[in-house]
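To keep things clear, I will list the structure first and then write my remarks on it.
The values are calculated or read from the model by the stated rules, or taken from the named source; none is laboratory data. Source: prediction; values computed, not measured. Remember, those area values only see protein heavy atoms, side chains included, never the ligands or the DNA or RNA. Shrake-Rupley method; radii C 1.70, N 1.55, O 1.52, S 1.80 Å.
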Amino acid sequence: MIKNQRLTELRKIENKYLQYFAVVEEHKHFIRFTDNKLPSMYSHNCVLLKETLDGEEIHQQIKVLFTEAQEHNARHLYIVLHPNHAFAMNEWEADLFDLSSLLYMTVSLDQYRGIKPNTDCTVYEATTPSLHKDAEWCDIVASLLEGEEYVNYEFAHQRASRKRPVFEHQTPVLSQYVAYLNKLPVGKCEVSFHHDILRPESFSVVDGFQRKGIGTAILNKIVVDGKRRGCQELFIIADSNDTAKEMYKKMGFQVIGVEYHLLWMKCK
């Protein structure tokens, strides 16, 4: 398999971000991430198959990890395939796992086309306790009202509370942005900085304010600040089934790779 070095570097950015929340265990064929403070958050408690695996080795390793999860009475198993992996589920895997695919999308800041934002929206980088608190509130409220079946208040609160101190203490490597409309916090986004690459993620817009230019206003502000920091590129990961990917394409983002995720839950 010919590996795309660009995808290799971008996946390293994801690994580095996870290390702020999870304990990392390096194994021969995979990397395990474990967030002991929030064990029910799949993206913080996952197994990344290394890009050195190829063809049938990938399926063999999935079977090994599933057997291990059964032996340890695990409640879930979340496997991330490296974006350099081409993948098609076999019949055994299809019976056990839910498969999702995420798109790696990038655009240079010079080619970024900012769609017109909500001009009544004001966006701030979170640099004070009150701004971080408002970002946490947006995270909780947006999660509860987005229709995610697995998100209840307890989990939404735990997830937001878990993230807040990390972002408060890791600036300027990590940051949050909060959007306000009529002084009401209505959206937030997390950002990590990797040399000349900006990585926005975890957009949260409060229900009732979606599709009103809030997310665009946040992203435009991130780009302006990124240029001032000397950044040259934006890197995002979008759900292949999410309509947001079409908006990103209009902004100039291009898809450069696909990453597959497999989720097994004990009480499926």
Restricting to Cα pairs below 8 Å that are 6+ residues apart, what does the relative contact order work out to for region 27-156? Please round to a whole percent. 16
Karplus-derived 3J(HN,Hα) from phi for region 110-117 (6.51 cos²θ - 1.76 cosθ + 1.60, θ = phi - 60°), whole Hz, x at Gly and Pro, runs 6, 9, 5, 10, x, 5, 4, x
Quick one: with all protein chains in place, what share of the accessible area of region 148-262 is carbon or sulfur, to the nearest percent (1.4 Å probe)? 48
P(r) of region 137-216 in 10 Å steps, Cα pairs, percent per bin? 18, 47, 31, 4
Translational D in µm²/s for region 19-81 (Stokes-Einstein at 25 °C, 0.890 mPa s, Kirkwood Rh from C-alpha pairs): 203
Quick check: the angle from helix 153-169's long axis to the longest principal axis of the chain, C-alpha only, nearest 10 degrees? 70
Go ahead and set up a Gaussian network model of the chain, Cα springs under 10 Å, then flag whichever of Asn182, Asn36, Asn15 fluctuates most. Asn182
Divide, for the chain, the radius of gyration over alpha carbons by 2.2 N^0.38 Å, where N is the residue count. 1.02
Mean residue ellipticity (222 nm) of the chain, computed from DSSP H runs ≥ 4 via -39,500 (n - 2.57), nearest 500: -11000 deg cm²/dmol
Looking at this model, which pairs from Lys16/Lys133; Lys183/Lys221; Lys221/Lys250; Lys28/Lys133; Lys37/Lys63 are more than 29 angstrom apart at the alpha-carbon? Lys28/Lys133
Would you mind computing Rg(Cα) / (2.2 N^0.38 Å) for region 9-124, counting N as its residues? 1.32
Carbon and sulfur: what percent of region 104-146's accessible surface (1.4 Å probe)? 50
Can you give me the Kirkwood hydrodynamic radius for region 170-234, using every pair of distinct Cα atoms, in Å to one decimal? 12.2
